[in-house]
1. Residue under question is V135, and the condition is that it be more than 9 Å from the ligand (Cβ to nearest atom), open to solvent by less than 40 Å² (accessible area, probe 1.4 Å), in contact (Cβ under 8 Å) with a residue 40 or more places away in the chain and of a type outside the set (D, E, K, R); does it hold?
2. I need the full set of residues from the range 81-107 which are under 25 Å from V10 (Cα atoms) and more than 15 Å from the ligand (Cβ to nearest atom), in order please.
3. Please find, within the range 52-80, the residue that is surrounded by the fewest Cβ atoms within 10 Å (Cβ to Cβ) out of those that are within 15 Å of F117 (Cα to Cα) and within 11 Å of the ligand (Cβ to nearest atom).
4. Among (1) in contact with a strand residue (DSSP E or B) (Cβ under 8 Å, 6 or more places away or on another chain); (2) in contact (Cβ under 8 Å) with a residue 24 or more places away in the chain; (3) closer than 21 Å to S16 by Cα, which single condition is F205 missing?
5. Suppose we filter G72, G143, G114 for residues that are under 17 Å from the mean Cα position of the chain (by Cα) and at negative phi; which single one remains?
6. When you check L123 against the structure, is it away from the ligand (no atom under 14 Å from the Cβ) and touching a strand residue (DSSP E or B) at 6+ places or on another chain (Cβ under 8 Å), yes or no?
7. Restricting attention to the range 1-27, which residues are assigned to a helix (DSSP H, G or I), under 24 Å from A80 (Cβ atoms) and either of a type in the set (S, T, Y) or in contact with a Leu (Cβ under 9 Å, 6 or more places away or on another chain) (or both)?
8. Against the conditions (1) in contact with a strand residue (DSSP E or B) (Cβ under 9 Å, 6 or more places away or on another chain); (2) farther than 18 Å from K7 by Cβ, where does V84 fall short? Just the number, please.
Amino acid sequence: MSKLNGKIAVVTGGSSGIGLAAAKRFVEEGAYVFIVGRRQSELDRAKTEIGKNVTAVQADVANLDDLDRLYGRIRDEKGAVDIVVASAGFVERVSTQDATPAHFDKTFGINARGVYFTVQKALPLMRKGGSVVLVSSGLHLKGLPEHGTYAATKAAMRSFARTWAMELKDRGIRVNTLSPGAIDTPIIDGQFKTREEADGARAFFSSITPLGRIGRPEEMASAILFLASDDSSYSTGIDLVADGGITQV
Ligand code: NAP
């Protein structure tokens, strides 16, 4: 049986990696999905890959006008939102000693402020039975060098989920986070100068993960589907960890 029949979903970062895998899965389960990202080329490619019941909206989650345009379009075309997945995210490796204010503002602007307003601006359209899924990171539980601002934004998401779970419970809307471990997506390549270095990081994360490998975007899509659908009807404010055990054992 389809788990998301008739549901309208927004997936920021739906043009790549974890967001794209979730968007695909949602459509397979009967949802109509709006995918959001900045690069039109990636949106076009993702739209073709998803194939049906998808609209690609070029928008920067750090730009409030873009978010207003996104939800204005959804309101005009569909009239409501049932599911918001905030997967758009950004990592720039830098030690605290070398971090600039521009680095700090960009990381918080996309990963924390962007998520906050992605959800705030969806609320007028959200229906009873809705679900918000914030893609955090297992790094919010760890102290990985050169990831200080990134980890802090992911901890902020964990906190948002707690507040929103309480604020939205009487509207029948649940809010949860997902904390992935290292997952094989382009975000890893973006942190290194060469493919070899990125593959070195993949090998390193595999070696320190109890299950002995990094995760696949499709595995995160299964976890996101659980949180987005009625399968998790008794869960709100939780952090679902899907990380091969790296933060848990
Ligand atoms: P990815 O493949 O690089 O996807 C990131 C997506 O976010 C892309 O679609 C990107 O599109 C979009 N995006 C980035 N900045 C944006 C902005 N300002 N406005 C709108 N869209 C934006 O990486 P991923 O691994 O799937 O990451 C998805 C989420 O999972 C992120 O929040 C990340 O922090 C989290 N996560 C990933 C891992 C991992 O190991 N992969 C682990 C833990 C948590 P554009 O660049 O075209 O905008």
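1. Details: more than 9 Å from the ligand (Cβ to nearest atom): no; open to solvent by less than 40 Å² (accessible area, probe 1.4 Å): yes; in contact (Cβ under 8 Å) with a residue 40 or more places away in the chain: yes; of a type outside the set (D, E, K, R): yes.
No: the conditions fail for V135.
2. V81, D82, I83
3. Going through the range 52-80, the residues within 15 Å of F117 (Cα to Cα) turn out to be 59-72.
If we keep only those that are within 11 Å of the ligand (Cβ to nearest atom) as well, we get 59-63, 66-67, 70.
Working: A59: 23, D60: 17, V61: 26, A62: 21, N63: 15, D66: 17, L67: 22, L70: 23.
My answer is N63.
4. For F205, the exception is condition (1).
5. G114
6. Working: away from the ligand (no atom under 14 Å from the Cβ): yes; touching a strand residue (DSSP E or B) at 6+ places or on another chain (Cβ under 8 Å): no.
Considered against the rule, which asks whether it is away from the ligand (no atom under 14 Å from the Cβ) and touching a strand residue (DSSP E or B) at 6+ places or on another chain (Cβ under 8 Å), L123 comes out as no.
7. Within the range 1-27, A22, R25, F26, V27 qualify.
8. All conditions pass for V84, except number (2).
The values are calculated or read from the model by the stated rules, or taken from the named source; none is laboratory data. Every value quoted in this text rests on a predicted model; they were computed, and no experiment measured them. Don't worry about glycine lacking a Cβ; one is built from the backbone with ideal geometry, like all the others, and counts go over all protein chains shown. With ligands, DNA and RNA removed, areas are computed over all heavy atoms of the protein, side chains included. Shrake-Rupley method; radii C 1.70, N 1.55, O 1.52, S 1.80 Å.
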